[in-house]
1. Which condition from (1) more than 26 Å from A:GLY3 (Cα to Cα); (2) in a helix (DSSP H, G or I) is the one that A:ILE129 breaks?
2. Can you confirm whether segment A:205-213 contains a residue that is more than 26 Å from A:VAL101 (Cβ to Cβ), touching a residue at least 60 places away in the same chain (Cβ under 8 Å) and over 20 Å from the mean Cα position of the chain (by Cα)?
3. Is it true that some residue in segment A:187-199 is in contact (Cβ under 8 Å) with a residue 24 or more places away in the chain and either surrounded by fewer than 17 Cβ atoms within 10 Å (Cβ to Cβ) or assigned by TED's automatic domain parsing to the domain that holds A:THR22 (or both)?
4. Checking A:VAL83 against (1) in contact with a helix residue (DSSP H, G or I) (Cβ under 6 Å, 6 or more places away or on another chain); (2) within 14 Å of chain B (Cβ to nearest Cβ): exactly one of these is not met. Which one?
5. Scan segment A:102-113 and give yes if some residue there is more than 14 Å from every other protein chain (Cβ to nearest Cβ) and in contact (Cβ under 8 Å) with a residue 24 or more places away in the chain, otherwise no.
6. When B:ARG164 is evaluated against the numbered criteria (1) in contact with a Phe, Trp or Tyr (Cβ under 8 Å, 6 or more places away or on another chain); (2) of a type in the set (D, E, K, R); (3) not assigned by TED's automatic domain parsing to the domain that holds B:GLU232, which criterion, by number, is the only one it fails?
7. Of all residues being of a type in the set (Phe, Trp, Tyr) and surrounded by fewer than 21 Cβ atoms within 10 Å (Cβ to Cβ) in segment B:34-77, which is nearest to B:HIS94 (Cα to Cα)? Just the residue, please.
8. So B:LEU241 ticks every box in (1) within 11 Å of chain A (Cβ to nearest Cβ); (2) in a helix (DSSP H, G or I); (3) more than 25 Å from B:ARG438 (Cα to Cα) but one. Which box is left unticked?
Amino acid sequence: MSGQRVLVVDDEPQILRALRATLRGAGYTVESAATAEEALTAAAARPPEAVILDLVLPDGNGTDVTRELRSWSDAPVIVLSAVGEERAKIAALDAGADDYVTKPFSVDELLARLRAVLRRRGQAADPVIEVGDLRIDVTERVATVGGERVKLSPHEFDLLRVLAQNHGKLLTHRALLREVWGPAYEVEAHYLHVYVSHLRRKIEPDPSSPRYLLTEPGAGYRLVDPGDDV
Amino acid sequence: MSDPPPPAVRSSVPLVKRLSARTVTIGVLCSIGAVAVVTGVIFLVKPYVPVLSLGVLYVFAVLPIAVVWGLWLALPVSVLSMLAFNWFFLPPVHTFTLADSENWFALAVYLATAVVVSELAARARRRAASAEQRERESALLAELATELLRGRELGEELGEVGSRTAIVLGVPEATIELGPAHRPPPDSSPHLLEAADRTVGTIYTPAGSDANVAALHRFLPALSALLAVAVERDRLEREALEAEALRRSDLVKTALLRAVSHDLRSPLTGIRTAVGALRNATLHLSDEDRGELLETIDLDSERLSRLVGDLLDLSRLEAGGAAPEPELWSLDDLVREAVDTLGARGRVEVAGEAPLVNVDGTQVQRVLANLIENALKFSPPDATVHVRITATRKEAIVRVVDQGPGLEEDELERVFEPFYRRGSDTRSGAGLGLAIARGFAAANGGRVWAESRPGQGATFALALPVVEVPAELRA
């Protein structure tokens, strides 16, 4: 089989073994590595289309591997984190990881996230992005919901644009603030919460139970297609 | 604190300090002597000076007596002096009558002078004594304050403080006890040490010894206040130490919890992933992959159950709930059975003596199995682990020698801590085996320790007390 190549990095041999079999069963070609060094060597030798990466490795951590990987590869990275590793998880996301699952995870969830990050990778910088009933025209700076035009302030539009351009991907508070307000505002999380709540009132059918703009507690936000499986 | 409060302290207040017979005798003899000497001097000087004016010389007898013994002796000495003057020098001599009324007047003046002078001298003497006493008291308080501020343990100081206080109070000895008052020891009078309406402690002086009352009233409140400060400081220090110990034990517990949760989660993740994959109808699993997933479940559930068993053993050991059931065993049999439970007969070589031990067989087998398993884990795959049994008159020792990387000096003790992992090794179990081995060894009256030189392999040793072979078992 010659499916998309996925690199799995974990130092627990049993987890590695189970993930290898699972991903092979889902039609992927699987490479595996047990240390940070092995992971980077494998990724350099045969560039993967996606990486599943444990946060804690015997010779380093997932954040450093993500950062190193990001300097020459745009393959999406899904981080395997554990309860109690929240800070490390955010650091890895800030360093460029695309998503995370918490151990012990369900196979379905991991496979869905993997599909989502791989699908996103195929989409180039399209001037018009569609997510469910949402349609965002980046060049005209126009957003519509079900054909109805939505009035957005410049910051609201930029926030929606960044989320839409990365739809399905978890964006940390820091990443969103940096993209929309600029690097000087990276720590002003309350800006973000206020604008997210404005945005929800304008794009969500029911702002009190959002279906598009989802909160990832303690991590950030994610724009999803309500029809998707994630 | 069911003890009734001690009776209120009633210190007897002597108006005149009771004097010993010896002091009185010496005083009286000296007084007589002094009067005699002055009388003699007047006899010598009389030819040259009008005799009446010489009466004033008796002041030199009265004055030293007043200074040394006080007014109670100086007054009789004044009277005695005047009588002697009258008897020996005033006409008609050798009678107590006086011919001349002028002489009566002179005699009265001399007597008054002597009394006034002796009173002045006695007063000066009292002042000096009181000043000395206060100086002693404040010196003691100052020293005490310095010592206590310097952070000396109060308990160590109490004896010294007691004997110094005894000097200040003018009693032979004094004992200080901190805390609420108890029944006083026999033959002692208690004085409460109170500060800020709280009883700091009690000071006991021997019954019947008259403490200096003024000093008691002056000195004890100050001493109480100082002791109260010291007690409070001791308490705070102890609390700080306890808080520190608690904080450390919290840190240890957090670390343990973290380690346990990691060790539980890893096999769970393996199992959950494998089960999820096997149940997922959309996956196309090859037979080989199916086999891999099943083996993951098998190995990880075995790992989980071992970990849970280890944790239970450890908590039982720590709670003292692993009471051994001793029986007589030949130690080499226990070693061989331990090797068999590990299924490691081919890789372990057992040699040495067969001493008799009185231990819980299951527990000691567990100790040996853990030591041997540990040795196998750190040896190269095809290397042999050597087990040597030796016996002295008192102890049987099993040494498990591996050919692994050995231990650093600072690891020799730490390897026995729960969850300690050697080096960067992350897949060698939870790090509980050696801790459990040590716990079971101790429960059976034995010891476990590690010996090693880095690069030469490690030796783990178990020592157990040996038993005399009972007569009926002897061949």
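The values are calculated or read from the model by the stated rules, or taken from the named source; none is laboratory data. Note that the coordinates shown come from a computational prediction; the quantities given were computed from them, not determined experimentally. Heads up, the Cβs are rebuilt from the backbone with ideal geometry, glycines too, and the neighbour counts pull from every protein chain shown.
1. Among (1) more than 26 Å from A:GLY3 (Cα to Cα); (2) in a helix (DSSP H, G or I), the lone unmet condition for A:ILE129 is (2).
2. no
3. Yes - at least one qualifying residue is present in segment A:187-199.
4. (1)
5. Taking every residue of segment A:102-113 in turn, none turns out to be more than 14 Å from every other protein chain (Cβ to nearest Cβ) and in contact (Cβ under 8 Å) with a residue 24 or more places away in the chain.
6. Of the numbered conditions (1) in contact with a Phe, Trp or Tyr (Cβ under 8 Å, 6 or more places away or on another chain); (2) of a type in the set (D, E, K, R); (3) not assigned by TED's automatic domain parsing to the domain that holds B:GLU232, the odd one out for B:ARG164 is (1).
7. B:PHE43
8. Among (1) within 11 Å of chain A (Cβ to nearest Cβ); (2) in a helix (DSSP H, G or I); (3) more than 25 Å from B:ARG438 (Cα to Cα), the lone unmet condition for B:LEU241 is (1).
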